[in-house]
Amino acid sequence: KYDRYPHFFHHLKRQWPTALTISIADWPPIHEYILSGADIKRVPDEDQLYVPGDRQSAEEAAEFFQRQDPAAMFVYFGQVDEHGHKFGFSPTVPEYIAAIERVDAHVGTLVTALRKRPHFQEENWLILVSSDHGGRGRDHGKGLGVPEIMNSFMIASGAAAARGEIPGTTYLVEVPCTALTHLGVKIDPAWQLDGKPVGLK
């Protein structure tokens with residue numbers, strides 16, 4: 001029901017119409033069905049999914065940090081999910097761990113590019129890293145009530161982030177609420193969002 005519960009860019013743009021929003025994702029349905037309110041959107045070529053697509057996404061996002069002034073950027077890396085389906089969603093699966101490590105390096109590429117911005121010290125960036133779900137075996141369908149599928153993680157980094165472990169269990173729905181709060185967008189109860197801002201000072 002994306003018309004009723006739109007992408008967080010939608011709420012940002014309603015309050016701040018001139019905010020530059022960028023979305024980069026190598027899973028095409030994100031841009032086909034979920035995304036709204038993006039000024040720039042990029043999807044790697046079909047033959048670049050997902051390991052090369054993730055690399056291409058990281059490089060393009062890093063470039064945007066250098067030559068654009070986005071208010072918010074969403075970057076999705078698809079290979080961890082792809083490798084989970086192919087080899088198994090488990091820390092005992094070498095291929096799955098290797099995918100996580102490659103994506104971790106891509107996140108590092110983005111952080112490095114962000115810190116190289118000429119006015120980085122005067123800017124107030126918040127970096128949020130999360131997964132949209134976990135998995136069991138080689139699947140994550142019918143995951144309602146299955147902890148290793150429903151439970152996710154969230155990392156918040158930046159001057160506005162609280163130090164230490166985020167208390168309680170976090171879910172994907174916390175990510176947009178945290179991003180909007182950081183960006184100064186007041187969460188309207190009429191939006192009926194399930195999440196809440198977490199990990200902030």
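The values are calculated or read from the model by the stated rules, or taken from the named source; none is laboratory data. Everything quoted here is computed from the prediction, not taken from an experiment. Don't worry about glycine lacking a Cβ; one is built from the backbone with ideal geometry, like all the others, and counts go over all protein chains shown. We work out accessible area using only protein heavy atoms, side chains counted, and drop any ligands, DNA or RNA first. Shrake-Rupley method; radii C 1.70, N 1.55, O 1.52, S 1.80 Å.
Can you tell me which residues in the stretch 41-89 are aromatic (F, W, Y) and touching a strand residue (DSSP E or B) at 6+ places or on another chain (Cβ under 7 Å)? Quick ask: steps written out before the conclusion?
Within the stretch 41-89, the subset aromatic (F, W, Y) is 50, 64-65, 74, 76-77, 87, 89.
Across the stretch 41-89, the qualifying residues are F64, F74, Y76, F89.
Against the conditions (1) over 24 Å from T178 (Cβ atoms); (2) within 15 Å of the chain's Cα centre (by Cα); (3) not aromatic (F, W, Y), where does A71 fall short? Just the number, please.
(1)
Which one is surrounded by the most Cβ atoms within 10 Å (Cβ to Cβ), of the residues in the stretch 146-201 that are part of a loop (DSSP other than H, G, I, E, B), touching a residue at least 12 places away in the same chain (Cβ under 8 Å) and of a type in the set (V, I, T)?
So, considering only residues that are part of a loop (DSSP other than H, G, I, E, B), touching a residue at least 12 places away in the same chain (Cβ under 8 Å) and of a type in the set (V, I, T), the one surrounded by the most Cβ atoms within 10 Å (Cβ to Cβ) is T170.
Each row is one residue, and each column tells you yes or no for (1) touching an Asp or Glu at 6+ places or on another chain (Cβ under 8 Å); (2) basic (K, R).
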residue	(1), (2)
A99	yes, no
D104	no, no
G108	no, no
R117	yes, yes
F120	no, no
G143	no, no
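Specify the residue that is nearest to N124 (Cα to Cα); the eligible residues are those in the stretch 47-71 that are assigned to a loop (DSSP other than H, G, I, E, B) and either of a type in the set (G, A, S) or modelled with pLDDT under 95 (or both). Working first, answer last.
Applying the first criterion (assigned to a loop (DSSP other than H, G, I, E, B)) to the stretch 47-71 yields 49-50, 68-71.
Next cut, either of a type in the set (G, A, S) or modelled with pLDDT under 95 (or both) only: 49-50, 71.
Details: L49: 32, Y50: 31, A71: 10 Å.
Step by step, filter the stretch 47-71, then rank; the result is A71.
Please go through the stretch 110-123 and pick out each residue that is surrounded by fewer than 16 Cβ atoms within 10 Å (Cβ to Cβ) and in contact with a helix residue (DSSP H, G or I) (Cβ under 8 Å, 6 or more places away or on another chain).
Correct list: T112, K116, R117, F120.
Tell me which residues, restricted to the stretch 106-115, are touching a residue at least 12 places away in the same chain (Cβ under 8 Å) and within 16 Å of the chain's Cα centre (by Cα). Before you say what the answer is, go through the steps one by one.
Just the residues of the stretch 106-115 that are touching a residue at least 12 places away in the same chain (Cβ under 8 Å), to begin with: 106-107, 109-114.
Hits for the stretch 106-115 are H106, V107, T109, L110, V111, L114.
Consider the stretch 6-46. How many of its residues are part of a loop (DSSP other than H, G, I, E, B), in contact (Cβ under 8 Å) with a residue 40 or more places away in the chain, within 27 Å of A190 (Cβ to Cβ) and open to solvent by 90 Å² or more (accessible area, probe 1.4 Å)?
Within the stretch 6-46, residues that are part of a loop (DSSP other than H, G, I, E, B), in contact (Cβ under 8 Å) with a residue 40 or more places away in the chain, within 27 Å of A190 (Cβ to Cβ) and open to solvent by 90 Å² or more (accessible area, probe 1.4 Å) number 1.
Would you please name the residue that is farthest from C177 (Cα to Cα), looking only at residues in the stretch 135-164 that are among the β-branched types (V, I, T) and within 19 Å of the chain's Cα centre (by Cα)?
First, pick out the residues of the stretch 135-164 that are among the β-branched types (V, I, T): 146, 149, 155.
The next check asks that each one be within 19 Å of the chain's Cα centre (by Cα); those that pass are 149, 155.
Numbers: I149: 21, I155: 14 Å.
The selected residue is I149.
Restricting the search to the stretch 90-104, which residues are closer than 20 Å to Q56 by Cβ and touching a residue at least 12 places away in the same chain (Cβ under 8 Å)? Before the answer, list the steps.
Keep residues of the stretch 90-104 that are closer than 20 Å to Q56 by Cβ, which gives 98-104.
Of everything in the stretch 90-104, those that are closer than 20 Å to Q56 by Cβ and touching a residue at least 12 places away in the same chain (Cβ under 8 Å) turn out to be A98, A99, I100, R102, V103.
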